[in-house]
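Some notes on the structure that comes next.
The values are calculated or read from the model by the stated rules, or taken from the named source; none is laboratory data. Since this is a predicted model, take the numbers as computed values, not measurements. Every residue, glycine as well, gets a Cβ built from its backbone with ideal geometry; the counts of neighbours run over all protein chains shown. Heavy atoms of the whole protein, side chains included, go into the accessibility calculation; ligands, DNA and RNA do not. Shrake-Rupley method; radii C 1.70, N 1.55, O 1.52, S 1.80 Å.
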Amino acid sequence: MSHVGSGKAASSKEQTGLRYPSNGKTIYHRPLNRTKTAELSQAAFAYLFSEMVIYAQRRVAGIQELEKRLNLQGHPIGLKLLDLLLLREPPRSQTRPLTIIALLHFIKINVWTHLFGRQADRLEKSSNPDTPDEYMIVDNEPLVNAYISVPREMSQLNCAAFVAGIIEGVCDGAMFPARVTAHTVGGKEEGEMWPGKTVFLVKFQPEVLEREALLGKG
Amino acid sequence: MASSKASRLGEEVWKTRMDKVNAELVVLTYGTIVAQLCKDFDSDYIEVNKQLDKMGYNIGLRLIDDYLAKSNTMRRCSNFRETAEMIARVGFKIFLNITPTVTNWTSDGKQFSLIFDENPFADFVELPDDGRAQDELWYSNILCGVLRGALEMVQMQVEAHFVSDVLRGNDTTEMRITLIRYIDDELPPEDD
Amino acid sequence: MVVYSFYIFDRHTECIYSKSWLSPAPTSSSSTTTTTTPSGPTSDTHPPLPSSTTTAAPTAAAGTTGRRSAPTTSASSAADNDAKLIFGTVFSLRNMVRKLGGEDDAFVSYRTAHYKLHYYETASNLRLVMLTDTATLSMRNVLHQIYINLWVEYVVKNPLSPVEHKGGAGVRNELFELGLEQFIRGLM
């Protein structure tokens, strides 16, 4: 949080407040949509992400913790993305999603397209009657795992926990608190076409379902 | 002139041989890395700078092979000036789609500056207003580490640091790079 | 074209990867101190087993190298020594070439009666060495392709592999091995 100093703050350095360059351009002058379609190399992302994973790996004791850390790091991104993407929508669809399905569609389509250039592959509701609060977003080939070849000792690790964190951030930001985890389902069985297939399991908190049921009735 | 050839190479590799992703994903990821470091080190920005440099160094060690492969460079640059041109016009171009300007050469040709008129990492970024961040944190310090690591793999030992940053209220973002020495080949261990 | 074996040496002059498909025809006594391939699986055609220099190779095939000793437990150390010998040779040749031909000149390959050794060094001091039969023409392009399509993609870009591959750590991952195998098989 900063309060915006005077535009020509370079000369008058106030005690509090940030300094800005002498042309007075702050980030608030930049149009938000300027970088909407900007592109960087995938390699840049891959290297940054790998450093992030390695850095986290040094500070944690086990795979669970590592995934949790990655999840935590994705969370603020999700929060910001929710606002940003909603803002960029055309005015009539600019309301934030009010039902679970609308939210999940928003994630599957808007968030995924923005981040990865394509929609997520499938969206499913859990068919298990014991867990009606679980939904699954399926991605056949998560971008973040593109270069990762998990060594055998760590075969439960899925670095898409980072993306799970982003999803969780979006859900939490939209006031649908949830826990999101990433699971690798692609494997050597079934003559798998997508060995890296990952399922993001979205488990909403009970109050979300209560609210949904209430709204449905009302 | 060799520099325009470098520009054309950079442009061509960027257009044809690099897979691309949405810039905002990268920018947001970098932001979360810096934020995490600030949290882990309790806002000790000097330490955060060091960590960013170290992370960049590790990236640079890998990135150099990627750069050499993508730019199909078969041979080393013949002098430091050529190195600087290649870094600015090809290196930064193919990874970050920017072309910083190479200026401020010292007379012995061992130091130069890179001026960034746009820094993609700093989009949407404002440093925290705690009175210290703007004086101590170099937000894009990872880039210094990247250059240091990458050049070390081609046997140049360099030192790189930022001297000004738009996020700090300066007018430009400038990095200063100094060649310390050329590193000799390692010899195999002597057999009995 | 038959590929006998393949080595990668890093800039610390250590062998970080080696793989053999076949040993060349056993050299008659004229084998000098220049090396032949390390003991790999005996001349069965398939399946090849990579002879690892990092872990003790289960393949205990007796070496046909110039070294005589080879009790089975030292099969892997024999392979180690071969890698070292290969590197020593290659390194000396490369230095000599540079001294005689100037900095820009590069050692490319040498040929003996039984095999041809191809050498490719990247600007980042990664050295790739490949031994093939004598009829093969230049493999420089092949080595370059291995570098950019396999090494960079599967080793360099893999975040879970360390940056310095001491003792070969991080190189021997599935994608790299698979890709290399397919690539070489496609050539043979």
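Observations, loosely collected:
- Any hit, segment B:52-63, residues being among the acidic types (Asp, Glu) and either within 13 Å of chain C (Cβ to nearest Cβ) or surrounded by fewer than 20 Cβ atoms within 10 Å (Cβ to Cβ) (or both): no
Residue-wise test of (1) within 13 Å of chain C (Cβ to nearest Cβ); (2) touching a Phe, Trp or Tyr at 6+ places or on another chain (Cβ under 8 Å); (3) over 21 Å from A:Tyr20 (Cα atoms).
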{"residue": "B:Ile87", "(1), (2), (3)": "no, no, yes"}
{"residue": "B:Asp117", "(1), (2), (3)": "no, no, no"}
{"residue": "B:Phe124", "(1), (2), (3)": "no, no, no"}
{"residue": "B:Leu137", "(1), (2), (3)": "no, yes, no"}
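- Condition met for B:Tyr57 (over 30 Å from A:Arg118 (Cα atoms) and touching a helix residue (DSSP H, G or I) at 6+ places or on another chain (Cβ under 6 Å)): yes
- Residue count for segment B:1-22 satisfying the condition of being in a helix (DSSP H, G or I) and open to solvent by less than 70 Å² (accessible area, probe 1.4 Å): 10.
- Residue in segment A:69-80 that is open to solvent by less than 80 Å² (accessible area, probe 1.4 Å) and more than 16 Å from the chain's Cα centre (by Cα) present: no
- The requirement of being at the interface with another protein chain (Cβ under 10 Å from one of its Cβ atoms) and under 14 Å from the mean Cα position of the chain (by Cα) is not satisfied by C:Tyr119.
- Filtered residue count, segment C:16-39, keeping only those that are farther than 23 Å from C:Met188 by Cβ, under 15 Å from the mean Cα position of the chain (by Cα) and either at pLDDT below 85 or open to solvent by 10 Å² or more (accessible area, probe 1.4 Å) (or both): 1
- Of all residues in segment C:134-153 being among the β-branched types (Val, Ile, Thr) and in a helix (DSSP H, G or I), the one that is surrounded by the fewest Cβ atoms within 10 Å (Cβ to Cβ): C:Ile148
- Scanning segment B:139-166 for residues that are more than 15 Å from B:Leu114 (Cβ to Cβ), outside any strand (DSSP E or B), more than 9 Å from every other protein chain (Cβ to nearest Cβ) and open to solvent by less than 20 Å² (accessible area, probe 1.4 Å) gives a single hit, B:Tyr139.
- Residues that are assigned to a strand (DSSP E or B) and in contact with a Leu (Cβ under 8 Å, 6 or more places away or on another chain), drawn from segment C:116-131: C:Lys116, C:Leu117, C:His118, C:Tyr119, C:Tyr120, C:Glu121, C:Leu128, C:Val129, C:Met130, C:Leu131
- Inside segment B:9-51, residues that are under 19 Å from B:Ser71 (Cα atoms), in contact (Cβ under 8 Å) with a residue 24 or more places away in the chain and within 12 Å of chain A (Cβ to nearest Cβ) make up a count of 5.
- Qualifying residue in segment A:126-137 (condition: open to solvent by 20 Å² or more (accessible area, probe 1.4 Å), β-branched (Val, Ile, Thr), away from chain C (no Cβ under 14 Å) and under 16 Å from the mean Cα position of the chain (by Cα)): no
- Taken together, the criteria exclude B:Arg132 from residues that are under 27 Å from A:Phe49 (Cα atoms) and either open to solvent by 50 Å² or more (accessible area, probe 1.4 Å) or more than 14 Å from every other protein chain (Cβ to nearest Cβ) (or both).
- Some residue of segment B:97-117 being among the hydrophobic types (A, V, I, L, M, F, W, C) and out of contact with any strand residue (DSSP E or B) (no Cβ under 6 Å at 6 or more places or on another chain): yes
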